[in-house]
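The values are calculated or read from the model by the stated rules, or taken from the named source; none is laboratory data. Keep in mind the model is a prediction, meaning the values are calculated, not measured. Note that we place each Cβ from the backbone using ideal geometry, even for glycine, and neighbour counts take in every protein chain shown. The protein model used for the area step is the full one, side chains on, heavy atoms only, and it has no ligands, DNA or RNA in it. Shrake-Rupley method; radii C 1.70, N 1.55, O 1.52, S 1.80 Å.
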Amino acid sequence: MPEKVVIIGSGPAGWSAAIYAARANLNPLVFEGTVNPDGVHMIPLGQLAYTTEVENYPGFPVGDVFSFVRSAVDSSREWNFPDAPEGHTKNDKPHYAVQGTELMELMRQQALNFDTRAIEDDIVDIDISSKPYKVIRRNGETVETHAIIIATGARANYLGLDSEEEYKNKGVSACAVCDGGLPFFGGKELAVVGGGDSAVEEASYLANLKNCPQVHMIVRRDEMRASPILRDRAINNPKIEIHWNSVVDEVLGDGKEVTGLRLKSTVDDSTSELSVGGMFVAIGHTPNTAFLNGKIDVNDKGYINWTKSFRTDTSVEGIFAAGDVADDYYRQAITSAGTGCMAALDVERWLTDKGVA
Ligand code: NAP
């Protein structure tokens, strides 16, 4: 028997779609993704798995989140619970905004509580040449399904320099929140490339680390794309120095680790050297759509096109998209969750129209 709906992806969009599909008795099957060698399909639990505190997800004000998460999520997932952030206590209890991984574990648990089935594997291709459709797993097995929700999210971009590639995991990273606290970076001045909200968040995170003496933001224009409140946070932070009108021309190192950056002025092409022990790239994202192999229409940046106004339909009937894989504009956990819910409702109506559900 074909599945009614397969959901590909396990970020806020995927789990929200699963919660709604499960409660509509569609018995959804979620492919959660794996940390795979090419890293290009999806990230288990989505990008929030790389985030610390999430202060803007409605319903999660600062509180004793620590106890709540551990009371709600199956203890078999304990390995994935982050430590409570240091120093965040009230009445001797952990007291903080929900952390990204915790929020995702809660969503995952909520979906499983309604009989969602979850498989830790990637989908590497889809076959839409006949119905029911097929999704192809990394191990080559296929799963037949009437409908598909694509919620594979997006991943970080890099600058594309050979020297950047050479020093990945030797001081070059695309996630300060994941890597900035590692002993490797301790005591070193660090650079963040980019001028968007993510870059400011990453720079602020690093500046907050006790053993990080100075953060340098490399911004290619004379203004930042970041929202005013975040931009001002960076500008007013004494531990953050902003290098305006600058791009990274080369990552410098001694073969073992990053020792600095050669910066180039975007005004007069002059170059200068900046001594840092790490470079965090925060210049936007690329959607995880490569596995679709051109079978679904995408825009010029590779994001899936929603083909109907305020609906999650794609160019192929019965295939719906939710979250950052189709949204290069809002890109928030709450908007991803919202479109995940929409996709499940769209699937339910489509299956009913087709006489499947
Ligand atoms: P973004 O808004 O697209 O910003 C990318 C930044 O990187 C821009 O400053 C861009 O410069 C720069 N950049 C791009 N390519 C570059 C290159 N090759 N060399 C140097 N700089 C380069 O991406 P984002 O910061 O990841 O944010 C994505 C979305 O998520 C946004 O909508 C953002 O508002 C949202 N977000 C929100 C929050 C929050 O609300 N707390 C946190 C994170 C992200 P230009 O400006 O010159 O193009």
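Listed values, structure above:
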{"item": "Top-ranked residue in the range 327-357 [being free of Cβ contacts under 8 Å to residues at least 40 places away in the same chain and within 16 Å of the ligand (Cβ to nearest atom); ranked as farthest from N27 (Cα to Cα)]", "result": "Y329"}
{"item": "Pairs where the first residue, in the range 111-126, is hydroxyl-bearing (S, T, Y) and the second is not in a strand (DSSP E or B), C-beta under 7 Å, 6+ apart", "result": "T116/A18; T116/A22; T116/P28"}
{"item": "Any chance G100 is within 26 Å of T335 (Cα to Cα) and touching a residue at least 40 places away in the same chain (Cβ under 8 Å)", "result": "yes"}
{"item": "Options E165, E189, E141: the member that is within 19 Å of T259 (Cβ to Cβ), away from the ligand (no atom under 16 Å from the Cβ) and surrounded by fewer than 20 Cβ atoms within 10 Å (Cβ to Cβ)", "result": "E189"}
{"item": "Filtered residue count, the range 169-196, keeping only those that are under 18 Å from the mean Cα position of the chain (by Cα), part of a loop (DSSP other than H, G, I, E, B) and of a type outside the set (G, A, S)", "result": "1"}
{"item": "Subset tally (residues that are surrounded by 15 or more Cβ atoms within 10 Å (Cβ to Cβ) and either more than 19 Å from V177 (Cβ to Cβ) or under 17 Å from the mean Cα position of the chain (by Cα) (or both)) for the range 83-114", "result": "17"}
{"item": "Filter result for F320 (more than 16 Å from the ligand (Cβ to nearest atom), under 25 Å from the mean Cα position of the chain (by Cα) and at positive phi)", "result": "no"}
{"item": "Per-region count, the range 240-258, residues within 22 Å of E223 (Cα to Cα) and under 26 Å from the mean Cα position of the chain (by Cα)", "result": "4"}
{"item": "Residue count for the range 241-277, restricted to those that are on the phi > 0 side of the Ramachandran plot and open to solvent by 50 Å² or more (accessible area, probe 1.4 Å)", "result": "1"}
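Every residue, every condition in (1) surrounded by 17 or more Cβ atoms within 10 Å (Cβ to Cβ); (2) at pLDDT 95 or above; (3) more than 11 Å from the ligand (Cβ to nearest atom), yes or no:
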| site | (1), (2), (3) |
| --- | --- |
| D197 | yes, no, no |
| P213 | no, yes, yes |
| M217 | yes, yes, no |
| P228 | no, yes, yes |
| D232 | no, yes, yes |
